[in-house]
1. How far, in nm, would the chain grow between residue 85 and residue 99 when pulled straight, counting 0.36 nm per residue and subtracting the alpha carbon separation?
2. Efficiency by 1/(1 + (r/R0)^6): what FRET value for residue 124 and residue 6, r their Cβ-Cβ distance, R0 = 30 Å, to the nearest 0.05?
3. Segment 47-126: percent of C-alpha pairs farther apart than 21 Å?
């Protein structure tokens with residue numbers, strides 16, 4: 001793989017994980033003597049920062065899902081291209097090549113759907 005693809009994939013992983021890693025619960029409240037609960041100014045700032053990180057997480061999940069779909073499409077097209085080229089070179093072996101191609105394409109499709117599901121779950125947790 002080229003260096004730009006590796007860098008792009010690394011950045012995509014960092015963006016997908018950063019929102020989940022930086023998300024925190026809003027637990028900074030104080031209880032006064034009369035029993036009322038007051039939120040601190042720090043809690044409001046933290047809530048605003050969490051909103052920003054949540055937006056980044058949603059954006060990263062959408063880009064991740066798009067990248068999964070594009071990568072899977074490229075993988076299946078290369079698989080089909082190689083199989084059809086092999087069938088064209090040896091037509092008598094076409095029957096023995098077709099079933100493994102379909103099985104491999106199904107496994108690639110399953111991996112694509114799983115990765116898209118993970119990306120969508122990350123966006124829902126934001």
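Nothing in this text is a laboratory measurement; each read-out follows from the coordinates by a stated rule. Note that the structure is predicted; figures quoted are calculated from it, not measured. Ideal geometry is used to build each Cβ from the backbone, glycine not excepted, and the neighbour counts take in all protein chains shown.
1. Result for the pair: 3.5 nm of gain on full extension.
2. It comes to 0.60.
3. When every Cα pair of segment 47-126 is considered, 47 percent fall beyond 21 Å.
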